[in-house]
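I have placed the structure first, in the form of C-alpha cells, so that the comments after it can refer back to it.
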Amino acid sequence: MTADRGVSDAGRLSGIVPEPGVRKPDPLLVLDQVTRTFGGLVAVRVEHLEMQRGAITALIGPNGAGKTTLFNVISGFDRADGGSWSFDGQPLTGSPAHRVARRGLVRTFQLTRTPARLTVMENMLLAAPGQRGERTLPALLRPLWRGQERDFERRADELLDRFRLAPLRDDHAGTLSGGQRKLLELARALMARPVMIMLDEPMAGVNPALTQSLLGHITQLRDEGLTVCFVEHDMDVVMGISDWVAVMADGRLVAEGPPHTIGKNAAVVDAYLGKRHDEPGTATEEEE
Ligand SMILES: Nc1ncnc2c1ncn2[C@@H]1O[C@H](COP(=O)(O)OP(=O)(O)OP(=O)(O)O)[C@@H](O)[C@H]1O
C-alpha cells in the first residue's frame, strides 16, 4: 500500500476527458451494463464505469439516484439483474459479500452496523477476515488459531490507536457518539487489509470536528495506496477530498470528472434541479 510511484495514481486522472464512462489509466473496479430493477423501477442502469486505483472517487446524485443500490450490488449484498463487473482484472460479478471482502473490496453502511452490546475491541475482532473459531477448527489446530487471534488483536489495537479510539477499547459500542461509531466502522473495514473501501455516507451524523478527522483519515489512507469510493451528499466534503466525482441520476451515470468540473456540468445541474422542481427538496439539497 504505497503511492510512491512518481505520479500518484490519483494524479494520473488529470487530463482525462470528463465524460460518463470514460476509460481510466489504471482502473481497479470496472462495471459494464450493470442493472438492478425493483418491479417496474429501474434503480440502477450503469453502462460503463471505471474507478481508478489509488484514487478517491465520490459517487453523488439526488435521493433515489441508485447510489446505495449500486454499492449493494457490487459488494455482494444485493443481486444485479444484468451486467458484469471486475475487480483488479478478475471477474467479480455476482460474488457474495464474504467473497467480495476476501478479494479486498470492503464496504460500510449508511447506518453503522457496529453491534451496540459488544465492546469496541469485540467489534473489531468480529470484522477480522475469515472468522475462524473453535467451532470450525479442529482441536489440534487451536494453538495456531490462538496465534491468529493475537495477530488480529494486534491489528485491531493498531487501528484503534490510529483512529484515536484506543481509550474506548473496552467500552460498549452503544456508548459511542455517532461520529465515533463512524470511525469504528472505518477501522473495522480496515481489519481485512482491503485494497478498496466503499463508504456509504461516512460523514452522515458526524459533528464538524470529527468530520475533519474522518476526512484526514480517508485522504491519508488514499495516500498510502488504498482505493476509496464514497457516497456523500455534502458537497463541501465531496469537493474537499475527492480526486474524481461520478454522478448518478435515475439509476444512470450522467456525468463524471474532477470535482471542480462537476458543478458546471449541465447534466448534473439538470439532475439536481429536476429533482428540486419535481418534489420538495431534501435538507441537503436546500442547503446547497
Ligand atoms: N429493496 C428495494 N425495494 C424496492 N425499491 C428499492 C429498494 N431499494 C431501493 N429501491 C429504490 O431504488 C431507487 C434507488 O434507491 P437508492 O437507495 O439506491 O438511491 P440512493 O441514490 O442511494 O438514494 P439516497 O441518496 O436517498 O440514499 C429508489 O427509487 C428506491 O426507492
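What follows draws every value from the coordinates through simple rules; no lab data is involved. Because the structure is a prediction, the values reported are computed rather than measured. Here the Cβ positions follow ideal geometry from the backbone for every residue, glycine too, while neighbour counts run over all protein chains shown.
Some observations on this one:
- Folded to 0 to 90 degrees: helix 178-189 orientation relative to the chain principal axis, Cα: 70
- Unit charges on C-beta of K, R, D, E only; dipole of the chain, Debye: 1200
- Global form of the range 1-118, assessed from the alpha-carbon gyration tensor, a/c cut-off 1.5: oblate
- Using θ = phi - 60° and Karplus 6.51 cos²θ - 1.76 cosθ + 1.60, couplings along the range 242-250 (whole Hz; Gly, Pro as x): 7, 8, 8, 10, 10, 10, 10, 8, 6
- Extended-chain gain in nm, criterion 0.36 nm per residue less alpha-carbon gap, Ala97 and Asp171: 23.8 nm
- Of Gly225, Gly64, Gly179, the residue with the greatest mean-square motion in the GNM of the chain, using alpha carbon springs below 10 Å, is Gly64.
- Full extension of the chain between Glu224 and Arg154 gives 23.2 nm of extra length, using 0.36 nm per residue less the Cα-Cα distance.
- Three principal axis extents of the chain based on alpha-carbon atoms, in descending order, are 62, 48, 39 Å.
- Extending 7 Å from Cα along the Cβ direction at Ala209 and again at Arg113 yields two label points whose distance is 3.1 nm.
- Amide H contacts of Leu253: Glu47, each under 5 Å away and 5 or more positions distant or on a separate chain (H built 1.01 Å from N in the peptide plane; Pro and chain starts excluded).
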